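Report on the structure given below.
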Amino acid sequence: METKPLTGRFREDGRAVSLKEYHAAGGYDGLMMALSMHPDNVQKRVQDARLRGRGGAGFPTGLKWSFVPRTPGDKYFIVNADEMEPGTFKDRELMERDPHQVIEGAAIGAYAIGAHTAYIFIRGEYRYAEKCLQQALDEAYLQGILGKRVMGRDYALDIHLHLSGGRYICGEETALLNALEGKRPIPRAKPPFPQVAGLFGQPTVVNNLETVCNLPHIMRLGPEWYLSLSRCEDGGTKLYGVSGPVNRPGLWELQLGTTAREILEIQAGGMRPGHELRAFQPGGASTDFLLPEHLDVPLDFDSVMAVGSRLGTGCLIVLDRQTCPVKMVLNLETFFARESCGWCTPCRDGLPYTETVLRDLVAGRGCHEDLELLQEMIQWMAPGNTFCALAPGAMAPLQSALRYFREDFERYAGKGDG
Amino acid sequence: MSTSSLTPDEITAIRKALDTYLWPEAAAVDALYIVQQRHGWVDDAKLEAVAGVLGLSPAYLDSLATFYPLLHRKPVGRKVIRYCDSVSCWLMGSDRLAASLRERLGIGEGETTSDGAYTLLPHPCLGACHQAPVAMVADRLLTGLDPADPDTLLEEGDGN
Ligand SMILES: Cc1cc2nc3c(=O)[nH]c(=O)nc-3n(C[C@H](O)[C@H](O)[C@H](O)COP(=O)(O)O)c2cc1C
Ligand code: SF4
Ligand code: FES
């Protein structure tokens, strides 16, 4: 049985898998199967497979779908391909190398919630990915895979691509809805949740692109197979990436729950000569640092949570001993401050403030009081104190850095005290 | 409202984008991209013309245009260089790359050279962190850059 359902068909030359190749590998069989089932049973199959969202929060996908009311009326399915979390480079690969997998997944998701329109929301920088998807879409329409009668069945579906103007906040699902509607992309208050009142006021599901790519295979090969792929309670494989000073930075599809050690030492070939591992962020810029002592933690949702971080996007960022962790945190907070949408005060004011304090520290203009100020900022921007999760995400690397790299912060603070 | 600063092709493309969505605001970003393609940026006359086609106020359209860094409301150079300044590229020397670009061009971040050839912009993670440091010139992604060598980026696209 297949062990790399998401990336197994990738071509060596890096070009996109063609429709013919995709068909030959069982492509669109999953959609065909879904269309022969009642949408509720499609949802059940995905629930049984224990697929959890790959967009960062790990919400069970089938459960999310089940909140969509069964009443008639327009509904929307949205694929989130905004991918702007620094350190993350997985969804791009999936779009560029196997675009039909994305389309089949989107069609299955749309069918499962009774949507006849789907959007793929792509970050504006991903022009090549958009091109690959557009070409695949054109083929799919031509072959009757999409349109008025999907695969000849009594089900109509249109899929549109939307190229974003490029802001990190657009990846937050309610800001994404505003972006798609042509409003200023700030997040919306919840409730109502998008599943009840989302795009254009209609029931809407937003799923991450990697999440969606799992759907064809769950349909085709079933929950039991899907559960057997992983090493934990949740099903499936995961795209894991590594960036930073390792020998072979890259992206691999591995069993969900593979340990950080296997990923860093075996897949990424260990640290570059002369570099020693100091810490790593397990899943993008907004995840708490972990230490070498955490290398044997399985990178699944619950295990990473248990050691005080998040699986996030599954793309690891490696900090070596040669690099200053305070400066790394400054780089991270500079990103978050720039990307704050400006809607709520703690984040709009707090992130630039945090950045300034860190900049002063690094420039030797800081003092010990600054460390308390940073701690206060973490409180101001704790979960629940801001309108969306951007600010708490920004505080995650800072709070873990203050805990793990205290001496580095102290050293800077000492410089300005005298 | 005058639409004379748009070409017939641009107007057709914008009308087509309108069909994709339930209401005209939703086509705004698409429409601005369409117009930006020809001149690299969107001036006031074109912003007003697009607003006219969409039936929106220019002020509303501007509030969107100014939110998005990929839409330019100021002139840019013939080549826009966006180097990634996010964490993985920073770990692999993006600040040295930025310094060598600034030095070579004699401009700072966000500026355009006086001959109108280059605009230099820092940009968030370009989604190619395993090939850091990276940058984009126009729509093209360049990976595995040498931080000490600004010329690869400056020469990108020449002679094609
Ligand atoms: C600031 C911010 C940015 C986000 N960016 C993305 C993104 O680029 N892609 C993504 O799939 N999810 C992103 N998310 C998470 C989405 O809000 C949402 O949870 C996700 O798309 C749901 O998909 P899933 O259930 O399949 O994981 C972001 C969240 C926040 C708070
Ligand atoms: S937390 Fe930041 S990004 Fe989120 S709504 Fe508030 S200002 Fe906007
Ligand atoms: S951090 Fe530079 S491409 Fe991701």
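For this structure, a couple of remarks:
- Highlighted here are the helices (runs of 4 or more DSSP H) found entirely within region B:1-111 that include at least 3 residues which are closer than 23 Å to A:Leu161 by Cα and among the hydrophobic types (A, V, I, L, M, F, W, C): B:8-18, B:28-39, B:44-54, B:58-65.
- If you go through region A:291-331 and keep only what is among the charged types (D, E, K, R) and either touching a Cys at 6+ places or on another chain (Cβ under 9 Å) or part of a loop (DSSP other than H, G, I, E, B) (or both), you end up with A:Asp296, A:Asp300, A:Asp302, A:Arg310, A:Arg321.
- Residues of region A:332-359 classified as in a helix (DSSP H, G or I) and in contact with a helix residue (DSSP H, G or I) (Cβ under 8 Å, 6 or more places away or on another chain), total: 18
- Subset of region B:106-149 [crowded, with 21+ Cβ neighbours inside 10 Å, aliphatic (A, V, I, L, M) and more than 22 Å from A:Arg338 (Cα to Cα)]: B:Leu145
- Subset of region B:56-84 [of a type outside the set (A, V, I, L, M, F, W, C), within 12 Å of another protein chain (Cβ to nearest Cβ) and more than 14 Å from the chain's Cα centre (by Cα)]: B:Tyr60, B:Asp62, B:Ser63
- Test: residue in region B:78-97 that is among the hydroxyl-bearing types (Ser, Thr, Tyr) and not assigned by TED's automatic domain parsing to the domain that holds B:Cys129: no
- Hits in region A:79-122 - residues which are among the hydrophobic types (A, V, I, L, M, F, W, C), more than 16 Å from ligand 2 (Cβ to nearest atom) and within 13 Å of chain B (Cβ to nearest Cβ): A:Ala81, A:Phe89, A:Leu94, A:Met95, A:Ala118, A:Ile120, A:Phe121, A:Ile122
- Considering (1) polar (S, T, N, Q); (2) more than 9 Å from chain B (Cβ to nearest Cβ); (3) buried (at least 20 other Cβ atoms within 10 Å of the Cβ), the lone condition that A:Ser164 does not fulfil carries the number (2).
- If you go through region A:367-387 and keep only what is among the hydrophobic types (A, V, I, L, M, F, W, C) and under 15 Å from A:Thr356 (Cα atoms), you end up with A:Cys367, A:Leu371, A:Leu373, A:Leu374, A:Met377, A:Ile378.
- On the stretch given as region A:185-212, residues that are in contact (Cβ under 8 Å) with a residue 24 or more places away in the chain and under 22 Å from A:Glu83 (Cβ atoms) total 14.
- Leading residue by the ranking (farthest from ligand 3 (Cβ to nearest atom)) among those in region A:340-351 that are more than 19 Å from B:Tyr68 (Cα to Cα) and free of Cβ contacts under 8 Å to residues at least 24 places away in the same chain: A:Thr345
- The condition (being more than 9 Å from chain B (Cβ to nearest Cβ) and among the basic types (Lys, Arg)) is satisfied by just one residue among A:Arg184, A:Arg153: A:Arg153.
- Any hit, region A:208-220, residues being more than 16 Å from ligand 2 (Cβ to nearest atom) and either assigned to a strand (DSSP E or B) or not assigned by TED's automatic domain parsing to the domain that holds A:Gly109 (or both): yes
- Of all residues in region B:1-46 being free of Cβ contacts under 8 Å to residues at least 40 places away in the same chain and farther than 29 Å from A:Ala118 by Cα, the one that is surrounded by the most Cβ atoms within 10 Å (Cβ to Cβ): B:Val42
- From the options B:Ala138, B:Ala98, B:Ala132, residue that is over 25 Å from A:Glu93 (Cβ atoms) and in contact (Cβ under 8 Å) with a residue 24 or more places away in the chain: B:Ala98
- Residue in region A:233-246 that is of a type outside the set (A, V, I, L, M, F, W, C) and part of a helix (DSSP H, G or I) present: no
- Scanning region A:150-166 for residues that are touching an Asp or Glu at 6+ places or on another chain (Cβ under 9 Å), more than 16 Å from ligand 3 (Cβ to nearest atom) and not aliphatic (A, V, I, L, M) yields A:His162, A:Ser164.
- Residue among B:Gly127, B:Gly116 that is more than 16 Å from ligand 2 (Cβ to nearest atom), part of a loop (DSSP other than H, G, I, E, B) and either assigned by TED's automatic domain parsing to the domain that holds B:Leu32 or out of contact with any Phe, Trp or Tyr (no Cβ under 6 Å at 6 or more places or on another chain) (or both): B:Gly116
The values are calculated or read from the model by the stated rules, or taken from the named source; none is laboratory data. Remember, it's a predicted structure, so these values are computed and weren't measured experimentally. Note that each Cβ is placed from the backbone with ideal geometry, even for glycine, and that neighbours are counted across all protein chains shown.
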